[in-house]
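Read the structure below first, then the notes.
The values are calculated or read from the model by the stated rules, or taken from the named source; none is laboratory data. These figures come from a predicted structure and were not determined experimentally. Ideal geometry is used to build each Cβ from the backbone, glycine not excepted, and the neighbour counts take in all protein chains shown.
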Amino acid sequence: MKIESKIGKSASSDQQIYAFISNFHNFKDLLPSDKVSGWEASEEKCSFQVDPLGRTGLMIVEKKPGSMVKMSSDPEFSKYQFTIWIQLKKVALDDTRIKITIEPLVNKMLLPMLKIPLKKLANGMVDKMESFDFPA
């Protein structure tokens, strides 16, 4: 089951957003600070503590400049497997649409419990990206 965010709108260019989200050194700023701690990152991988789930990690598995960054859980840190896509679509010079899709790869019985929190996470990240001042 894929969980899709609302479609957000940013006044930053697709290239500015892509440059920011394709480097995990920057990514912490887009996650909920009240839920994430112990952030460690390189350009391609990160790990962090998520309350109440424990330590988890992400790694970038695919990039399409200006349009998409695909991440998956890092088996070194994550007991739960999932994939996250951040898609960007340039509409005009300073008008980029943003959509986040999360696909948890878990037991089907867990999906109903995960759907609402993951939808909230995806929409919260889009909200932050809509108002974020991405560096030029």
Worksheet item: Looking only at the range 78-113, which residues are outside any loop (DSSP other than H, G, I, E, B), free of Cβ contacts under 8 Å to residues at least 40 places away in the same chain and either surrounded by 14 or more Cβ atoms within 10 Å (Cβ to Cβ) or touching a helix residue (DSSP H, G or I) at 6+ places or on another chain (Cβ under 7 Å) (or both)?
Response: PHE82, THR83, ILE84, TRP85, GLN87
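Got a number for residues in the range 85-115 being within 18 Å of ASP14 (Cα to Cα) and touching a strand residue (DSSP E or B) at 6+ places or on another chain (Cβ under 8 Å)?
Narrowing the range 85-115 to residues within 18 Å of ASP14 (Cα to Cα): 85-101.
Narrowing the set further to residues that are touching a strand residue (DSSP E or B) at 6+ places or on another chain (Cβ under 8 Å) leaves 85-91, 95-101.
Residues in the range 85-115 being within 18 Å of ASP14 (Cα to Cα) and touching a strand residue (DSSP E or B) at 6+ places or on another chain (Cβ under 8 Å): 14 in total.
Kindly evaluate LYS70 against the criterion of being among the basic types (Lys, Arg), assigned to a helix (DSSP H, G or I) and within 21 Å of ASP14 (Cβ to Cβ).
Working: among the basic types (Lys, Arg): yes; assigned to a helix (DSSP H, G or I): no; within 21 Å of ASP14 (Cβ to Cβ): yes.
No, not satisfied.
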Worksheet entry | Qualifying positions in the range 5-45 - over 28 Å from ALA92 (Cα atoms), touching a strand residue (DSSP E or B) at 6+ places or on another chain (Cβ under 7 Å) and either modelled with pLDDT of 90 or more or not β-branched (Val, Ile, Thr) (or both) | LYS35, SER37, GLY38, TRP39, GLU40, GLU44, LYS45
Response to the item:
Residue pairs qualifying under the 8 Å Cβ cut-off, at least six apart or on distinct chains, with the first in the range 114-136 being of a type in the set (Lys, Arg) and the second being surrounded by 15 or more Cβ atoms within 10 Å (Cβ to Cβ), are LYS115/ILE3; LYS119/ILE3; LYS119/SER5; LYS128/LEU30
Fill in: Residues satisfying the stated conditions in the range 30-45, i.e. closer than 18 Å to ALA122 by Cα and surrounded by 14 or more Cβ atoms within 10 Å (Cβ to Cβ)
LEU30, LEU31, LYS35, VAL36
Worksheet item: In the set PHE27, PHE48, PHE20, which member is out of contact with any Lys or Arg (no Cβ under 9 Å at 6 or more places or on another chain), under 18 Å from SER73 (Cα atoms), surrounded by 15 or more Cβ atoms within 10 Å (Cβ to Cβ) and not acidic (Asp, Glu)?
Response: PHE27
